[in-house]
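Presented below is the structure to which this report refers.
We did not get these values from a lab; they are worked out from the coordinates using the rules stated. Computed from a prediction, not measured in an experiment: that's the story for all the values here. Heads up, the Cβs are rebuilt from the backbone with ideal geometry, glycines too, and the neighbour counts pull from every protein chain shown.
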Amino acid sequence: KLMQLSHETIYRSLYVQARGVLKKELMEHLRTHRVMRRAKKATGSGQNRGAIIDAVSISERPAEVEDRAVPGHWEGDLISGSNNSHIATLVERQSRFVMLVKVQGKDTTSVVSALIKQVKKLPKELRQTLTWDRGRELASHKTFTLATEVDVYFCDPRSPWQRGSNENTNGLLRQYFPKGTRLDGYSQAELN
């Protein structure tokens, strides 16, 4: 009979059993370099950032978005760096094409204006929907929709997995933009 190990079992073994010098040696080989793993249901204290006015739930998103059959449906988020610097990330669900967007700050005006500028460069056929988490940086989602004709949907609270393509992409991007990196030093041309 064959035995199978999941990636979670291997990670748990490394985190729980490895101590001291061995642990430091092992940590270098882990992609995320995290000191501890947290359960998906870890406490979300401090996450109540206020409601977004007229937020449309992901449950109301068209069915065609879910099956990835039609291009033009995007997932987005911010990655943060040192000195309050940020980059918006957009991932197209069908092709997994990634756009990095330079933003001046995390405030909704800065983020929405940067997203509008970048999304308007896309052909009309590739501007269908955008799914975002509950971050306040997209509180002005109506302004974004008016300017781009892209409908915005929001994930349920504490459910980032609902935009899995973007979450996975952001994790991969952390290899190139590790936490603590200043993200405001990149021009839009460099991010392109």
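Identify, by number, the condition in (1) of a type outside the set (F, W, Y); (2) assigned to a strand (DSSP E or B); (3) without any contact (Cβ under 8 Å) to a residue 60 or more places away in the chain that V152 doesn't meet.
The one condition V152 does not meet is (3).
Restricting attention to the stretch 109-147, report how many residues are over 20 Å from N83 (Cβ atoms), not in a loop (DSSP other than H, G, I, E, B) and not small (G, A, S). Break it down stepwise before answering.
Start the filter on the stretch 109-147 by keeping residues that are over 20 Å from N83 (Cβ atoms), which leaves 112-113, 115-134, 138-147.
Within this subset, residues satisfying the condition of being not in a loop (DSSP other than H, G, I, E, B) are 112-113, 115-119, 124-126, 129-132, 138, 141-147.
Filter once more, so that each one left must be not small (G, A, S): 112, 115-119, 124-126, 129-132, 138, 141-146.
Count: 20.
If you check S95 against the conditions, is it assigned to a helix (DSSP H, G or I), surrounded by fewer than 20 Cβ atoms within 10 Å (Cβ to Cβ), among the polar types (S, T, N, Q) and without any contact (Cβ under 8 Å) to a residue 60 or more places away in the chain?
no
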